[in-house]
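Report on the structure given below.
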Amino acid sequence: MTDDRIAAITMPKWGLSMQLGKITSWVVAEGDEVSVGDDVADIETDKIAGTLEAGSAGTVRRLVARVGEDVPVSGTIALLASADVGDDELDAAVLQARAVIEAGAVPDEGGAPVLESAQAGGRKIDYAGVGSDGEVVLLIHGYGGDRNSWLFVQQPLAERHRVYALDLPGHGTSGKDVGDGSLEVLAEAAACVLDAIGAERAHLVGHSLGGTVAVAVAARDPGRIGSLTLIAPAGFGAEINADYLRGFAGAQTRRELRPLVGLLFADDSLVTRQVVDDLLAYKRLDGVEAALEALLGALLDGDRQRIDASSQLRGLGDAIPVTVIWGSADKIIPVGQAESVPAASKQVIEGAGHMPHMEKPSEVLAAVEAALRGG
Amino acid sequence: MARNITYREAINEALAQEMERDDSVIVMGEDNAGGAGSPGEDDAWGGVLGVTKGLYRKFPGRVLDTPISESAFIGAAIGAATAGLRPVAELMFVDFMGVCLDQIYNQAAKFRYMFGGKAVTPVVIRTMYGAGLRAAAQHSQCLYPVFTHIPGLKVVAPSTPYDAKGLLIQAIRDDDPVMFFEHKALYDLSGPVPEESYAIPFGEANVVREGGDVTIVTLGRMVHHSLEAAGELAGAGIECEVIDLRTTSPLDEDTILESVENTGRLVVVDEANPRCSLATDISALAAQKAFGSLRAPIELVTAPHTPVPFSNVLEDMYIPDPQRIGNAVKTVAEWAR
């Protein structure tokens, strides 16, 4: 926008391959006031459906993109401006933005995550980095996840930081051998990624099993870690939804998998056909079944959690600032376990399940930004 | 990482990865090595449409050219399977099955049953099928219903490069004889395929498009024609659920019935001739097991009960096209008692 009194809401980039998005419905209308984090529009790509949240506050003056049309990533979909901005100025801005949409030009990929590989104990570990300045942030996914589970937060965080997301052993496109499935194997992989990046200092953000991995990485070399942000981490209580874990490891078909994946979210309408198909495609890869089984053995002792990250974290003392984030409607690990995490900052996100970074990304982003400032 | 490769390359990659993984996997058929050992260029063909090209160099001695005698080499493959190898034999066109059918339906298909489960026959017979290449009556048929009829055989017909690789790997690892149908008009179709090996289980249909108004059950090349029709119909306000069977034996009854129970309307699209076909079989299944859910008569979109014509104009009319599929969907969507 040439006029800085007009702010653009743009088509987000959700994931490495996204070039175009489609608005399926508007949540806001012209004339509405929006605050940061308010839902703006439902958007779908060929991979995923999600809700775009406002990144800045203001009055919605114009909806630029039409429902159902393809909009290139970073194309303007709506304009925010205060009442003193005239209609003529807004109409000029709309024309300019419409021209971009109608040209269908896909922006250059300069800001897209770059995929690289590291070696950890003979295993190939893939990771994707984005962002050129600032502190190093490493995002560590949970059991059965991959680096793409950070698609709603990696790119926005990269505006101020160098943000990397890895595929743990046995996951994504990394090597599928997990050895004995122990936490050490996973922590070694994450540490090797930090070495490969050349990061002397890094902030770790870990989800679920990835939270436990983050704690283990910090325990290996506490001086290297600027802060720990743990999202619904494993290892801070006995209770866990063991039926979910075993069901996920064993599910062979779409019909078996879909209801299980629904348990991850407060709102299971987020589980699209594509989400389930992508998970099935992952689970069919050679070696994945064995990897998930091995990790299950390390995670579970009967129906209870085997891993104790709590004492490991306490052992670190106050050296590293810890933030814990939990969805209020977590159906995998109960939100009550947040109490057991020795963290300076605790945040429960209302209306989120086990995947708050997918369901309520702007709240997770704000918490991670705060943690980075604190660290 | 997934990259885009063709259906032909996906099949080649599945063969290469399984041959790499398991020494007992061998490939045999007419021109599969492509003139190996004879004067002239080595590896010139790789099968009549080049699917096995390059394997002969990677796996010396394990890609065998055979005489033009299906009864001999299909029988040899089945015998080798009972003796411990995992042969993948290429029956160039399924239209030639007549000359080797006894080996398949009365031998391979029966061994596990007749020997009380003590014998396994892990053979894969890859074969081309389908119209559209101006190859006329003797090189264009869709004969998968014939094999689907026979207990003891598994029958697979992938529609995409992703499915072709994953289903062929599953076929090679399977301990039963598998008939693997490759549509010749799909060989140049490109799509995302992971570099890693993966197996897609048999008997799991793929819901390739979700919709609540009409269920389209289909397979092979017709998946693409059905998706094209479904895209057009969505513009007219009719949402189709498109189910790709992937395998006709075993058949994923649950996915079909669940969808029909939801939509109440069924169109079956099948490139094969209509008598005793998948189309009639699936409509019988729905009529018997989802009768209470049906809100309209079932429509079948198939080839007519004729040989595939040699005339280009007639061949184009013979193959079910998106327009005929669209008309059938509208018929069931608008049907009123």
Take the stretch A:279-290 and flag every residue that is over 14 Å from residue A:143 (Cβ atoms) and at the interface with chain B (Cβ under 10 Å from one of its Cβ atoms). A:280, A:281, A:284, A:285, A:286, A:287
Could you tell me whether any residue of the stretch B:241-254 is surrounded by fewer than 18 Cβ atoms within 10 Å (Cβ to Cβ), assigned to a helix (DSSP H, G or I) and free of Cβ contacts under 8 Å to residues at least 60 places away in the same chain? yes
Can you name the residue in the stretch B:202-219 that is within 11 Å of chain A (Cβ to nearest Cβ) and of a type in the set (Val, Ile, Thr) and, of all such residues, is surrounded by the fewest Cβ atoms within 10 Å (Cβ to Cβ)? B:207
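Residues checked against (1) closer than 24 Å to residue B:193 by Cα; (2) modelled with pLDDT of 95 or more; (3) acidic (Asp, Glu):
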position	(1), (2), (3)
B:30	no, no, yes
B:38	no, no, no
B:53	yes, no, no
B:59	yes, no, no
B:107	no, yes, no
Meets criteria (under 30 Å from residue B:169 (Cα atoms), among the acidic types (Asp, Glu) and over 16 Å from the mean Cα position of the chain (by Cα)) for residue A:289: yes
Might you let me know whether the stretch B:269-284 holds any residue that is surrounded by 24 or more Cβ atoms within 10 Å (Cβ to Cβ), within 16 Å of the chain's Cα centre (by Cα), in a helix (DSSP H, G or I) and away from every other protein chain (no Cβ under 13 Å)? yes
Taking the criterion of being touching a Pro at 6+ places or on another chain (Cβ under 9 Å), surrounded by 19 or more Cβ atoms within 10 Å (Cβ to Cβ), in a helix (DSSP H, G or I) and free of Cβ contacts under 8 Å to residues at least 60 places away in the same chain, would at least one residue in the stretch A:282-296 satisfy it? yes
Search the stretch A:362-375 for residues that are closer than 19 Å to residue A:50 by Cβ and pair each with any residue that is hydrophobic (A, V, I, L, M, F, W, C) and at pLDDT below 90 when their beta-carbon atoms are under 6 Å apart and the residues are at least 6 apart or on different chains. none
In the stretch A:244-264, anything more than 14 Å from every other protein chain (Cβ to nearest Cβ) and free of Cβ contacts under 8 Å to residues at least 40 places away in the same chain is listed as A:247, A:260, A:261, A:262
Of all the residues that make up the stretch A:129-160, how many are over 21 Å from residue A:53 (Cβ atoms), assigned to a strand (DSSP E or B) and within 13 Å of the chain's Cα centre (by Cα)? 2
If only one of B:199, B:229 is more than 13 Å from every other protein chain (Cβ to nearest Cβ), touching a residue at least 12 places away in the same chain (Cβ under 8 Å), out of contact with any Asp or Glu (no Cβ under 6 Å at 6 or more places or on another chain) and not polar (S, T, N, Q), which one is it? B:229
Strands (runs of 3 or more DSSP E) contained entirely in the stretch B:26-140, each with at least 1 residues that are in contact with a Lys or Arg (Cβ under 6 Å, 6 or more places away or on another chain): B:86-93, B:124-129
Might you let me know whether the stretch A:85-107 holds any residue that is touching a strand residue (DSSP E or B) at 6+ places or on another chain (Cβ under 8 Å), on the phi > 0 side of the Ramachandran plot and modelled with pLDDT of 85 or more? no
The stretch B:151-196 - residue that is aliphatic (A, V, I, L, M) and in a strand (DSSP E or B) and, of those, nearest to the other protein chains (Cβ to nearest Cβ): B:193
Residue count, the stretch A:342-359, condition assigned to a loop (DSSP other than H, G, I, E, B) and surrounded by fewer than 23 Cβ atoms within 10 Å (Cβ to Cβ), comes to 5
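The values are calculated or read from the model by the stated rules, or taken from the named source; none is laboratory data. Note that the structure is a prediction, hence the values are computed from the model and not measured. A quick note on method: Cβ atoms are made from the backbone with ideal geometry, for glycine too, and the neighbour counts reach across all protein chains shown.
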